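Notes for the one structure printed next.
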Amino acid sequence: MTLATATKRSAKGASDRRGADHGAWFLVLPALIPILILSVVPLLYGITLAFTDSQSGRTEPTQWVGALNFQDLLHDTLFWDSFRIGLLWAFGVTVPQFFLALGLALLLNQPLRMRWLARALAIIPWAMPEVVVGIMWRLVYHPDAGVLNETMSTLGLGDGKDWLTGTSTALLAVIVVGVWAGMPQTTVALLAGLQNTPRELHEAAAMDGAGAWRRFRTVTWPAIKPIALAITALNFIWNFNSFALVYVLTQGGPGGRTRLPMLFAYEEAFRYGQFGYAAAMGCVMVAVISVILAFYLVGRLKGADES
């Protein structure tokens with residue numbers, strides 16, 4: 001083979017690769033355009049809005065105020081209190097959600113009778129809109145005719161409580177609803193990981209005398225660990241950004257006990273018309289979520305390098 005022939009083939013191969021790359025981008029473009037229009041552009045607009053004094057109903061032009069909104073946020077105790085409540089809510093929902101979903105996934109992975117029906121019933125809460133879930137649980141928690149208080153009264157456990165309006169019970173009540181509503185999604189993800197675990201590994205471990213806990217620790221958990229970490233990180237982000245479920249249940253009450261950061265920003269923007277200030281709150285929440293994602297991605301990359 002001459003040098004000229006080799007050069008021509010190399011150039012042809014590079015041209016083919018460029019053509020393949022262009023074709024791949026052409027196929028991905030229909031999915032990227034909605035993301036760009038509906039996600040990236042509003043995000044950039046919101047970040048820009050955070051540095052202005054934009055308000056509803058004002059006649060003067062919007063002015064650029066720099067970091068003034070963020071300086072005000074630093075001294076806004078109500079916002080940081082809502083931020084603390086948001087973290088409590090996110091951890092309070094995500095942690096029990098994972099362990100309950102793991103137990104349910106392990107159960108549904110067993111050769112039970114009517115297992116297909118149990119799996120179908122397990123995902124019903126996931127298929128219900130958050131507004132419907134909120135309305136249903138408001139009826140469950142109703143202080144006079146709710147199922148929960150009626151059951152407690154029947155069992156002789158007292159006259160029940162006003163769960164959603166009590167300052168000591170409201171956050172716990174909405175956390176229970178959050179766990180119930182989000183658990184099916186985690187269960188489905190973990191169940192998929194369990195089903196992809198080779199059964200031969202469990203059989204070999206059992207033949208070596210490993211008990212149920214040791215088989216879970218040495219066989220099951222390493223197989224589903226990447227899925228568990230991924231779904232837990234996503235659940236924490238989704239829970240921290242929750243809005244509809246808590247809004248329908250309590251609207252942030254009583255006395256701000258369930259006012260999550262997203263609810264606080266919503267009130268500032270659409271109840272009080274402080275669009276610039278609410279956009280600054282949104283920027284802070286985006287920054288927190290970005291940090292969480294960064295830690296997750298770094299952990300994933302380290303795990304990939306070690307494997």
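Observations
- When Ala122, Ala127, Ala101 are checked against the criterion of being surrounded by fewer than 20 Cβ atoms within 10 Å (Cβ to Cβ), small (Gly, Ala, Ser) and under 21 Å from Ser242 (Cβ atoms), a single residue qualifies: Ala127.
- Criterion: among the small types (Gly, Ala, Ser) and within 30 Å of Leu108 (Cβ to Cβ) - qualifying residue of Gly166, Gly182: Gly182
- Scope the stretch 27-85; condition more than 19 Å from Phe270 (Cβ to Cβ), hydroxyl-bearing (Ser, Thr, Tyr) and open to solvent by 80 Å² or more (accessible area, probe 1.4 Å); matching residues: Thr59, Thr77
- Ile135 being surrounded by 19 or more Cβ atoms within 10 Å (Cβ to Cβ) and either under 27 Å from the mean Cα position of the chain (by Cα) or not in a helix (DSSP H, G or I) (or both): no
- Leu148 being over 30 Å from Leu234 (Cα atoms), assigned to a helix (DSSP H, G or I) and either among the aromatic types (Phe, Trp, Tyr) or under 29 Å from the mean Cα position of the chain (by Cα) (or both): yes
- Just one of the listed residues (Ala204, Ala173) is touching a residue at least 12 places away in the same chain (Cβ under 8 Å), over 25 Å from Leu293 (Cβ atoms) and among the hydrophobic types (A, V, I, L, M, F, W, C), and it is Ala173.
- Counting only helices (runs of 4 or more DSSP H) that sit completely within the stretch 152-248, those holding 1 or more residues that are at pLDDT below 90, out of contact with any Asp or Glu (no Cβ under 8 Å at 6 or more places or on another chain) and open to solvent by less than 40 Å² (accessible area, probe 1.4 Å) correspond to 170-195, 199-207, 221-240.
- Checked against the criteria, Val93 does not count as free of Cβ contacts under 8 Å to residues at least 40 places away in the same chain and either exposed (fewer than 15 other Cβ atoms within 10 Å of the Cβ) or out of contact with any Cys (no Cβ under 6 Å at 6 or more places or on another chain) (or both).
- Test: residue in the stretch 18-25 that is modelled with pLDDT of 80 or more, of a type in the set (Asp, Glu) and either open to solvent by 70 Å² or more (accessible area, probe 1.4 Å) or not in a helix (DSSP H, G or I) (or both): no
The values are calculated or read from the model by the stated rules, or taken from the named source; none is laboratory data. Keep in mind that this is a model prediction, so the values were computed, not measured. When we count neighbours, we look across all protein chains shown, and the Cβ atoms used for this are built from the backbone with ideal geometry, even at glycine. Ligands, DNA and RNA are stripped out before the accessible areas are found, and what is left, the full protein with its side chains, is counted by its heavy atoms. Shrake-Rupley method; radii C 1.70, N 1.55, O 1.52, S 1.80 Å.
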